[in-house]
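To start, the structure itself, in structure tokens.
The values are calculated or read from the model by the stated rules, or taken from the named source; none is laboratory data. Treat the numbers as computed from the prediction; the structure is a model and nothing was measured. Virtual Cβ from ideal backbone geometry, glycine too; neighbours counted across all protein chains shown.
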Amino acid sequence: MITKVLAVATWEYLEKVKSKAFLLGLFITPLIMVGMGLLSSLFAVQEDTTTKVIGVIDASGDLAGPLAREMKDKYLLSNGEPNYLIRPLPAAMGIDSAVAEANRLTVADEIEGYALIGDQPKDSVVEYRSKAVGDLLVAARLEETLKSILAERRAVSLGLDPRLLKKLTVRLDVKMVKLSKTGEKEEAGFLKVYLTAYVFLMMLFLLIVTSGQLLVRSIIEEKSNRIVEVLVSSVSSTELMAGKVLGLSGLGFTQIGFWTLIGVGASLQFGIGLIALNSALLLIVYFVLGYLFYAAVFIGAGSPLTTEQEAQQVTSYLVMLLIIPIVLAMPAMKSPEATWLKVLTFIPFLTPTMMALRIPIQMPATWEIIATIVLMIGSICGAMVVAGRIFRIAILSTGKSPKLAEIFRWAKQG
């Protein structure tokens, strides 16, 4: 039996690993991911090249002037020109009329946007309105400048020298330090913790998406070409299924291993320590368990399918389950011991990814780690048994896809 399983696994592996699509994906995928990250960072920090005109509706009547002077002198372009020019918009005609005029100027691109300052800015919200609400830098600089102006005025009203206020201002950076269960400190900034979880999630996501879809397509292709009938005459359905899982698992792990080597090499070259090594072993365990579980699910879900369209629809639903932890990454980092997070951890479809979120942030209790590993092993065994039963009957079924009730009946048959 083992010989036949290895023979099927070797054929599946060599057939796919030599394909041009696999070889191209091996190199192009990390280039695309790195390129997207670099482009995003490049555009995020890109400085302005031209002066922006910002309108100001100042209901208080005495902030537009100081704001214009501060913004003009404080923020400069690389050529020495002011980054911002403040254009006061008269509020004497009424706020509604001033806002209507400001809206017209913004839509006509005569101003970048405008700040709406109430008659009591110290106790109200200052609004910045523009067509590009994503330009957070302008809003942040307006906020910082207005705060500085109001603070100086408050100091004067209290009989203090504004220059003394600036001397008393202290710049302070808070450095995040993570404590282990033994009380020892280990550096773990937000970026390092977030990327540890994010890299794990993305690698598992890519592995399952690529290998899972290859697994389903391989079954559908062999069914449509009637090759599966020849295969099951030489090997049992269990041996065929096990061989496919091993072969395509090897293919996926080859892909991930190659990308990992690239990542480690880049980290060593540039001195970037992004992955927390102390949790790497546990992450690898959950990585393997998660992949094997999803491989069984993909086999069970893909065996009854007969067309590529059906395969894409079913696999897209399964892939959506992997997106849930990515969406929950930020709330999980804020409350790693939340009850809802622990409950999600014990759902087999989410266990590997949810533990990947929790381990780098705050190591779960030992009983949780043991319980989830046992849960995943049991789920893999159960999923493999069910998938094997469905696979045994479904691989020889052609034509119309079976109904859900019929698939459940196959799963129950021993």
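For region 301-319, which residues satisfy the criterion of being assigned to a helix (DSSP H, G or I) and surrounded by 13 or more Cβ atoms within 10 Å (Cβ to Cβ)?
Across region 301-319, the qualifying residues are A301, G302, E308, E310, A311, Q312, V314, T315, L318, V319.
If only one of E229, E222 is modelled with pLDDT under 80, of a type outside the set (V, I, T), touching a helix residue (DSSP H, G or I) at 6+ places or on another chain (Cβ under 7 Å) and surrounded by fewer than 19 Cβ atoms within 10 Å (Cβ to Cβ), which one is it? Before the answer, list the steps.
Numbers: E229 fails: touching a helix residue (DSSP H, G or I) at 6+ places or on another chain (Cβ under 7 Å).
That would be E222, the only listed residue that is modelled with pLDDT under 80, of a type outside the set (V, I, T), touching a helix residue (DSSP H, G or I) at 6+ places or on another chain (Cβ under 7 Å) and surrounded by fewer than 19 Cβ atoms within 10 Å (Cβ to Cβ).
If I ask for residues that are modelled with pLDDT under 75 and either among the hydroxyl-bearing types (S, T, Y) or touching a Pro at 6+ places or on another chain (Cβ under 7 Å) (or both), which ones from region 140-172 would you list?
T169
Would you be able to say whether some residue in region 328-336 is in a helix (DSSP H, G or I), within 24 Å of A383 (Cα to Cα) and free of Cβ contacts under 8 Å to residues at least 40 places away in the same chain?
Looking through region 328-336, none of the residues is in a helix (DSSP H, G or I), within 24 Å of A383 (Cα to Cα) and free of Cβ contacts under 8 Å to residues at least 40 places away in the same chain.
Just one of T339, T307 is polar (S, T, N, Q) and at pLDDT below 80; which is it?
Of the residues listed, the single one that is polar (S, T, N, Q) and at pLDDT below 80 is T307.
Can you pull out the strands (runs of 3 or more DSSP E) entirely within region 82-131 that have at least 2 residues that are surrounded by fewer than 20 Cβ atoms within 10 Å (Cβ to Cβ)?
Counting at least 2 such residues, we get 84-88, 127-130.
I'd like to know if region 221-235 contains one or more residues that are more than 30 Å from L31 (Cα to Cα), among the small types (G, A, S) and not in a helix (DSSP H, G or I).
Checked against the condition, which is being more than 30 Å from L31 (Cα to Cα), among the small types (G, A, S) and not in a helix (DSSP H, G or I), region 221-235 yields at least one hit.
Please state which of the following conditions V17 fails to meet, knowing it meets all the rest: (1) at pLDDT 80 or above; (2) within 21 Å of E144 (Cβ to Cβ); (3) out of contact with any Lys or Arg (no Cβ under 8 Å at 6 or more places or on another chain).
(2)
Those residues that are assigned to a helix (DSSP H, G or I), over 21 Å from the mean Cα position of the chain (by Cα) and not aromatic (F, W, Y), I need them from region 14-32; list them, please.
Passing the criteria: L14, E15, K16, V17, K20, A21, L23, L24.
Can you tell which of L322, L268 is at pLDDT below 80 and under 17 Å from the mean Cα position of the chain (by Cα)?
L322
Given the residues L201, L137, which is the only one that is at pLDDT 75 or above, part of a helix (DSSP H, G or I), not assigned by TED's automatic domain parsing to the domain that holds M71 and not small (G, A, S)?
Going through L201, L137 in turn, just one is at pLDDT 75 or above, part of a helix (DSSP H, G or I), not assigned by TED's automatic domain parsing to the domain that holds M71 and not small (G, A, S): L201.
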